[in-house]
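Chemist: Encoded as structure tokens, here's the structure I'll be asking about.
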Amino acid sequence: QVQLRESGGGQVLDGDTLTLSCAASGRSFSYYAMAWFRQPPGKAREFVASIAGNRVVKDSLQDRLSISRSDNGNTVHLLIDNVKPDDTAVYYCAARLSGAVSIKAEDYDFWGQGIQVTVSS
């Protein structure tokens, strides 16, 4: 059974560095694209970053965000520097059977349950 489990969320202060992790289990994800999406309060889910052989990051976050994965491909990390209140959202990890990155949520086959991140000033 495939499972994606996010960790590292919670309350953070404006200006802090946030690190989220996603642990995938149930099969090897070495050749799969993995991604992070987020859903701010009252808004639609939006793409944050994706990683496979290459990386794609949301334009507005490129100067503050990095995505990486473990050598075995089954853990993906998301780091956001200088977090702001607008980063408050539920963050979701996703995995795609195709090895190609995508910014579209509908392209992903597996999803984590999401983890709340709240940035306070």
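The values are calculated or read from the model by the stated rules, or taken from the named source; none is laboratory data. The structure presented is a predicted model; accordingly, all values stated were derived computationally and were not measured. Quick reminder, even Gly has a Cβ in these numbers, built from the backbone with ideal geometry, and neighbours come from all protein chains shown. For the accessible areas, the whole protein counts, side chains as well, though only heavy atoms, and no ligand, DNA or RNA atoms are used. Shrake-Rupley method; radii C 1.70, N 1.55, O 1.52, S 1.80 Å.
Chemist: In whole Hz and in residue order, list the ³J(HN,Hα) couplings for the stretch 38-49 that follow from phi through the Karplus curve 6.51 cos²θ - 1.76 cosθ + 1.60, θ = phi - 60°; x for Gly and Pro.
Modeler: Values per residue, Gly and Pro as x: 9, 10, x, x, x, 10, 7, 5, 9, 5, 10, 6 Hz.
Chemist: Along the Cα→Cβ direction, 7 angstrom out, place labels at ASN72 and LEU13. What is the inter-label distance in nm?
Modeler: Using points 7 Å along Cα→Cβ, the separation is 3.7 nm.
Chemist: Summarise the accessible area of the stretch 58-121 (1.4 Å probe, protein heavy atoms) by the percent that is carbon and sulfur.
Modeler: 45
Chemist: Straight-line reach from LYS104: which aspartates and glutamates fall under 16 Å, measuring Cα to Cα and dropping same-chain residues less than 8 apart?
Modeler: GLU46, ASP59
Chemist: Amide H of THR88 versus every other amide H placed in the peptide plane: which residues, excluding those fewer than 5 positions away on the same chain, fall under 5 Å?
Modeler: Hits under the 5 Å cutoff: VAL119.
Chemist: Right, another one. Given H placed on each backbone N at 1.01 Å, which residues far from PHE110 in sequence or on other chains put an amide H within less than 5 Å of it?
Modeler: Amide H neighbours of PHE110, under 5 Å, 5+ apart: ALA95.
Chemist: Could I ask something else about it? With θ taken as phi - 60° and the coefficients 6.51, -1.76 and 1.60, list the Karplus ³J(HN,Hα) couplings across the stretch 5-11 in order, rounded to whole Hz; mark glycine and proline as x.
Modeler: Ordered by residue, 3J(HN,Hα) equals 10, 8, 8, x, x, x, 8 Hz.
Chemist: Please work out the FRET efficiency for the pair GLN116 and LYS58, using the Cβ-Cβ distance as r and a Förster radius of 25 Å; give the result to the nearest 0.05.
Modeler: 0.85
Chemist: Grab the other residues whose beta carbon is less than 15 angstrom from that of GLN1, score K and R as +1, D and E as -1, and report the net.
Modeler: Around GLN1, the charge tally is +1.
Chemist: What is the ratio of the Cα radius of gyration of the stretch 1-66 to 2.2 N^0.38 Å, where N is its residue count, to two decimals?
Modeler: Taking the Cα Rg and dividing by 2.2 N^0.38 Å, one obtains 1.24.
Chemist: Taking each pair of different alpha-carbon atoms in the chain once, compute 1/r for the pair, average those values, and report the inverse of that mean as the Kirkwood hydrodynamic radius in Å to one decimal.
Modeler: Its Kirkwood hydrodynamic radius stands at 14.1 Å.
Chemist: Let me ask you something else. Determine the sum of side-chain charges near THR17: Lys and Arg each +1, Asp and Glu each -1, restricted to other residues whose C-beta is under 14 angstrom from that of THR17.
Modeler: -3
Chemist: If you look at just the Cα atoms of the stretch 77-121, how large are its Rg and its Dmax in Å?
Modeler: 12.8, 40
Chemist: Sticking with this structure for a sec: Please give the Cα centre distance for the stretch 99-121 versus the stretch 17-69, rounded to the nearest Å.
Modeler: 6
Chemist: Follow-up question, since we're still on this one. For the pair ASP81 and ALA105, what calculated FRET efficiency results from E = 1/(1 + (r/R0)^6), where r is the Cβ-Cβ distance and R0 = 25 Å, to the nearest 0.05?
Modeler: 0.50
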